1. Regarding region 285-308, can at least one residue be identified that is assigned by TED's automatic domain parsing to the domain that holds residue 172, in contact with a strand residue (DSSP E or B) (Cβ under 6 Å, 6 or more places away or on another chain), closer than 21 Å to residue 211 by Cα and touching a residue at least 60 places away in the same chain (Cβ under 8 Å)?
2. Can you work out which of the residues in region 16-75 that are among the aliphatic types (A, V, I, L, M) and assigned to a loop (DSSP other than H, G, I, E, B) is farthest from residue 292 (Cα to Cα)?
3. Just to be sure I understand the filter: pairs with C-beta atoms under 9 Å, separated by 6 or more residues or on different chains, first member in region 175-189 and more than 14 Å from residue 207 (Cβ to Cβ), second member of a type outside the set (Gly, Ala, Ser) and not in a helix (DSSP H, G or I). Which pairs pass?
4. Which residues, taken from region 285-313, are at pLDDT 90 or above and among the basic types (Lys, Arg)?
5. If we scan region 319-326, do we find a residue that is of a type outside the set (Val, Ile, Thr) and farther than 13 Å from residue 213 by Cα?
6. For region 331-355, which positions are at pLDDT 90 or above, surrounded by 16 or more Cβ atoms within 10 Å (Cβ to Cβ) and either aliphatic (A, V, I, L, M) or farther than 20 Å from residue 297 by Cα (or both)?
7. Provide a single number: the residues in region 154-164 that are without any contact (Cβ under 8 Å) to a residue 12 or more places away in the chain and either surrounded by 13 or more Cβ atoms within 10 Å (Cβ to Cβ) or in contact with a Pro (Cβ under 8 Å, 6 or more places away or on another chain) (or both).
8. Does at least one position in region 396-414 carry a residue that is charged (D, E, K, R), modelled with pLDDT of 65 or more, surrounded by 14 or more Cβ atoms within 10 Å (Cβ to Cβ) and over 22 Å from residue 279 (Cα atoms)?
Amino acid sequence: MNWHLDLLSVSLDSGTWQSLATSVLVRATIILLVSLLATWTLRRASASVRHLVWASAVVCVLMLPGLVFLLPALPIPILPAQNTSIQPELPRLVFEPAKPTEENDHDYTSPHPLINTQEFFAARNAQGSSNPTPPPRHAVLSLSKMNWLVLAWIGGGVVVLWPLALGHARLWKIKRQSTQWNLEVLTQAIGELQLPAWKARRVIVLRSQTENAPMTWGFGRSVILLPDEAEGWQPDRLRAVLLHELAHIHRGDYPAQILGRLACAVYWFHPLVWIAARRLRVEGEHACDDLVLQCDSRPSDYASHLLAIARGRRVASGLSTASVPMARVSQLEERLRAILDHSRNRRIVTRREVRSLGLFIAISLLSLSAVRPGPRIALGQTSPTQAIARETQDVPTMQVTGQVRDGKGQPIANAGVVILGRRKLPCHT
């Protein structure tokens, strides 16, 4: 019995899971390529639109494995036709007939002798204990290879998520060492951005003596961290910084960045996923800059504030992964050019557009997850299911009553047996 379980596990590991992984990778590649093409087509649209496209792609590739595994297959005939002239293999059952009773005194006979299941399983178990049949060598090698692939995939995911875990641990320490700062300009900035009341109540501003770069993080309760020197900033600079960080909170950029990192952990070997995560961060910064500029901020003044904050301030890699800093040096030049570009489209995506795009993406993702490529049926051919039904529709049947026993000779309760055969067995009444 053990070798049956071993072969089953090998089949699932090397066959089913390999097919599932291939199916997920192909669909994820299609989603990311379509998103890349869409953002290139929308290169003159606003950064908010392109950020929405990349965020949708990241969510789709994260949901894809579960949907492909759970949804029923919907075969699409796109592969070359196959030969469907097959002979169905009818089931062969081993049973021991029951003793005739007054209600059922029929004596069924067959050209082939009936096999006693107790003797059959006893002989097979005795043979298996003395000379067990090992699984095929190629199955053992396939299982070993699959184990190494799974371990490599898990190891790569751990390496990707490790900076995120360290960054959150450091943010927890910074939060405990910082002091809360109650600012009147914060209420003004919340009103300018029209931040919903339930989000505004969950925003706290902290002042840190160890970190010198503004940043924000948090799911349920959003935290805005400002350096200790922010107390001496000009009101315009403090307002610009608060508007930018509140824009991140209003748009949900922190959860989107975490989802992008999780996608990189799952698909760490896929280059398009890393491109999607990077563009998600870049377009999020551009969209926040556009939102600040729509609050009656002069582009030149905002650019000078951003440059002054970024000068001489570098955020540790762990903190930049676990939070959303205001200024990354690697993105500074691109952001300054976009801020000073008066012809740039700065339109903000509306909630109605987000809902419409979400509905379209949900329908497309479900369809993409369910479809499976199948063979085309040529003219005059039938599918395998139709061939089996045609072969068995005229087969005479008869019902045999008796006892069905397991390998230990114990009767199996409520066991019904129906035997299909090409020839009618002689019956004596």
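1. No, because not a single residue in region 285-308 is assigned by TED's automatic domain parsing to the domain that holds residue 172, in contact with a strand residue (DSSP E or B) (Cβ under 6 Å, 6 or more places away or on another chain), closer than 21 Å to residue 211 by Cα and touching a residue at least 60 places away in the same chain (Cβ under 8 Å).
2. 73
3. 189/183; 189/195; 189/295
4. Matches in region 285-313: 298 only.
5. Yes, region 319-326 contains a residue that is of a type outside the set (Val, Ile, Thr) and farther than 13 Å from residue 213 by Cα.
6. Listed by number, the residues that qualify are 336, 338, 339.
7. The total comes to 1.
8. yes
The values are calculated or read from the model by the stated rules, or taken from the named source; none is laboratory data. Keep in mind it's a predicted model, so treat the numbers as computed, not measured. Because the Cβ atoms are built from the backbone with ideal geometry, glycine has one as well, and the counts that use them run over all protein chains shown.
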